[in-house]
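Undergrad: The structure follows.
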Amino acid sequence: MNAFFIAEYSRRLGIAAFAYVAFIIASSVYLAWHYAIDGYVSIAIVAVIHVLVKRYARTGMADRRRHISAPEPSAHPETEAAATAS
């Protein structure tokens, strides 16, 4: 996941980050810690999560959720003003 974020920050650092990811995946398969499919599936899942998080952040869904949970204004402002004055 960090490689995706680093690639957005800097193309050169992103290349280095993805090279590191490739090294880790290759070495974990070579040393028999994981099957190759583990690395392929994890890259696919992380890529999907990254795209969804970017889309969620771009559309402003976080702001919409805050407005939904905010209390609604009173239908009778006079009653509200009297309650706060006492």
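A short reminder: the numbers here are calculations on the coordinates, not readings from a lab. On a predicted model such as this, the values are computed, not experimentally measured, just so you know. We place every Cβ from the backbone using ideal geometry, glycine too, and count neighbours over all the protein chains shown.
Undergrad: If you place +1 on the Cβ of every Lys and Arg and -1 on the Cβ of every Asp and Glu, how big does the dipole about the Cα centre of the range 2-70 come out, in debye to the nearest 20?
TA: 420
Undergrad: Let me ask something else. Measure off 7 Å from each Cα along the Cα-to-Cβ vector at V41 and N2, then give the distance between these two points in nanometres to one decimal.
TA: Each label point is offset 7 Å from its Cα along the Cβ direction, giving 2.4 nm.
Undergrad: Using square roots of five times the C-alpha gyration tensor eigenvalues, list the equivalent-ellipsoid semi-axes of the range 1-41 in whole Å, biggest first.
TA: Numbers: eigenvalues 106, 19, 6 Å².
Those come to 23, 10, 5 Å.
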